[in-house]
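The values are calculated or read from the model by the stated rules, or taken from the named source; none is laboratory data. Keep in mind that what you see is a predicted model, and the values were worked out from it rather than measured. Note that each Cβ is placed from the backbone with ideal geometry, even for glycine, and that neighbours are counted across all protein chains shown. Side chains are part of the model used for accessible areas, which takes the heavy atoms of the whole protein and leaves out ligands, DNA and RNA. Shrake-Rupley method; radii C 1.70, N 1.55, O 1.52, S 1.80 Å.
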Amino acid sequence: MGDKKMSVVILGATGDLTRRLLFPAIYHLYAHGEWVPTSIIGYAMEDWSQDKFCGHIEENLKRFVADFDPAVWAKLKAFVFYQPGDLTADSLSRLKSQVEGPAVFYLGLPPQLFAQAAQGLGQAGLNEEIAGWRRLVIEKPFGWDLASAEELGKSLEPWWKEDQIFRIDHFLGKDTAQNVLVFRFINRLLESIWNGAHIAQVQITYAETLGLEGRWQYYDKAGALRDMLQNHLMQLFALVAMETPSEWNALNLHNHKAEVLRAVRKIGEGEVARYAVAGQYTSGLIQEKAVPGYTQEEGIPQSSTTETFAALKFYVDNWRWHGVPFYLRSGKRMAADYAEIAVQLKPVPPKMFDEGLADWLVFRLKPDEALNLVMWAKKLGLELKTEQVILTAPYKKAGEDDYSAYEQLLLDVLKGDQSAFPRFDEVEEAWKIVDPVLKAWSRQSPQTYAAGSLGPEGQNRLMDSGLAWRGLEMPK
Ligand code: BG6
């Protein structure tokens with residue numbers, strides 16, 4: 001980024017996101033020489049002094065940055081400022097004297113404050129691109145359902161143009177997400193088989209052993225479908241399924257992603273039980289340690305019917321994907337921290353070799369991002385027997401720098417590159433897919449699954465005949 005002058009203003013700077021993710025990312029970008037800020041201004045309601053804010057950030061950097069170097073922080077600190085204030089235009093306009101040139105306004109706030117903050121900044125004139133660009137970064141979730149997402153979209157319109165808005169979906173900053181596109185579009189071998197003639201099914205799984213991590217206030221309102229599937233997994237799906245753009249640029253990527261999301265066959269409210277499964281964890285063992293059930297977690301009402309596991313099946317009504325089922329699932333307190341996008345090819349005709357042998361292409365997100373091609377070959381020996389062979393390409397080689405998704409995305413915001421930020425119509429289309437499911441689930445209780453298990457039994461009934469969910473482990 002050289003030393004281009006620009007400021008970053010973080011609204012909600014005393015919150016969890018800033019200390020855990022944002023500042024560590026800022027620190028790394030600075031430490032690696034990727035960015036020299038003009039100023040980083042923390043803005044929040046707390047009546048803190050500059051010293052108190054810096055002390056708070058330092059304490060958390062020590063906690064969240066493995067290679068924290070006090071000398072780097074001493075230099076970075078010179079750019080860090082704090083200003084207390086609320087979200088009224090009056091209060092926000094006090095930022096004007098500190099922010100002169102290009103600036104990013106990062107809403108690290110609870111979602112219910114996004115509209116108010118964006119509007120306040122606009123009324124204060126901080127959106128005006130007179131002395132340089134002005135950008136607004138909005139965290140997820142963008143709305144709670146289709147109607148509220150549309151309302152939020154509308155409330156931004158008078159103040160911020162689409163090319164000023166960067167909606168964060170941190171999964172798009174992950175290397176694996178980006179590699180789905182690169183791998184698909186750079187290797188000639190893939191395009192000819194990337195369709196329903198050759199692909200039997202696609203499974204996208206994001207399993208976590210983690211529970212609520214103190215986020216019960218947010219999570220009990222959100223649930224797994226809103227927290228993971230509507231945004232992260234739906235974006236991964238769009239990357240796998242989108243048409244091939246003629247040129248790599250943000251406009252093409254957005255157009256093609258929105259198009260394939262629009263082509264998803266919508267689940268009717270009466271069909272939800274056939275296409276979606278909700279689960280909630282009960283007590284169990286995670287890495288041999290007893291953990292409480294969801295409704296025994298701190299802050300969660302005993303009667304909560306929030307789902308901590310969600311699985312969805314859908315089809316895409318276009319030429320490429322006709323007849324191919326896509327399965328998406330994510331859950332908390334599952335047996336393993338394991339995440340992958342797995343694409344299964346159709347089996348070869350039977351009778352030649354053992355029946356049912358099919359290849360998988362697996363983009364692994366966790367643990368250790370990697371690409372696995374699971375195929376079959378002749379087993380060594382005198383008989384004609386087959387065995388599975390796995391070709392593995394890890395992304396990160398020893399000694400290579402590892403950038404977090406937040407670093408990648410923050411840098412993109414500074415560069416003005418919107419490719420990895422969902423456009424409004426993508427978000428809207430994703431809500432259209434999950435909205436009927438949310439409505440149906442609001443009237444019913446999720447199935448239960450024991451913490452540390454593979455999720456609720458019911459997920460298996462989503463599978464088309466002859467297909468099964470993959471395990472939560474690396475291909476062996
Ligand atoms: C967040 C969800 O967006 O993504 C969390 O709100 C989830 O519930 C997290 O744990 C998973 O992402 P990562 O990158 O931390 O594995």
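How much mean residue ellipticity at 222 nm does the chain get from its helices, if each DSSP H run of length 4 or more adds -39500 (n - 2.57) and you divide by all residues, to the nearest 500 deg cm²/dmol?
Rounded to the nearest 500, it is -8500 deg cm²/dmol.
Residue farthest toward the positive end of the dipole of the chain, with Cβ of Lys/Arg at +1 and Asp/Glu at -1: which of Gly108, Trp194, Ala278?
Trp194
Mind pulling the angle between the C-alpha long axis of helix 424-441 and the longest principal axis of the chain? Nearest 10 degrees, somewhere in 0 to 90.
Roughly 60 degrees, rounded to the nearest 10.
Need one number: % antiparallel among DSSP beta bridges in the chain, to the nearest 5.
Numbers: 42 of 76 bridges.
Around 55 percent of the beta bridges assigned by DSSP in the chain are antiparallel ones.
Spin-label point model (7 Å from Cα, Cβ direction): what's the Gln116 to Glu213 distance in nm?
Computed distance between label sites Gln116 and Glu213 equals 2.6 nm.
Tell me, what is the 1.4 Å probe accessible area of Trp133, in Å² to the nearest 10?
My reading of the accessible area for Trp133 is about 40 Å².
Hey, got the dipole for the range 190-307? About the Cα centre, +1 on K and R Cβ, -1 on D and E Cβ, debye to the nearest 20?
The dipole of the range 190-307 has a size of about 240 debye.
Could you tell me whether the chain comes out rounded, prolate or oblate from its Cα gyration tensor? Rule is a ≥ b ≥ c as square roots of the eigenvalues, rounded for a/c under 1.5, then prolate if a/b exceeds b/c, otherwise oblate.
Cα axes put the chain in the prolate bin.
Quick one: putting +1 on the C-beta of Lys and Arg, -1 on the C-beta of Asp and Glu, what dipole do you get for the range 355-414 around its Cα centre, in Debye to the nearest 20?
Values: 7 positive and 11 negative charges, 68 e Å.
It comes to approximately 320 debye.
Please sort 109-117, 135-143 by packing, taking for each peptide the average over its residues of neighbouring beta carbons within 10 angstrom, highest first.
135-143, 109-117
With charges only on Cβ, +1 for K and R and -1 for D and E, what is the dipole size of the chain about its Cα centre, in debye, rounded to 20?
That gives the chain a dipole magnitude of about 800 debye.
Please label the shape of the range 129-263 as rounded, prolate or oblate, based on the square roots a ≥ b ≥ c of the eigenvalues of the alpha-carbon gyration tensor (a/c under 1.5 means rounded; beyond that, a/b larger than b/c means prolate, else oblate).
oblate
Please give, to one decimal in nm, the separation of the simple spin-label points placed at Lys96 and Ser246, each 7 Å out from Cα toward the Cβ.
Label at Lys96, label at Ser246, 4.6 nm between them.
If each of Arg470 and Glu383 carries a label point 7 Å out from its Cα toward its Cβ, how far apart are those two points in nm?
2.9 nm
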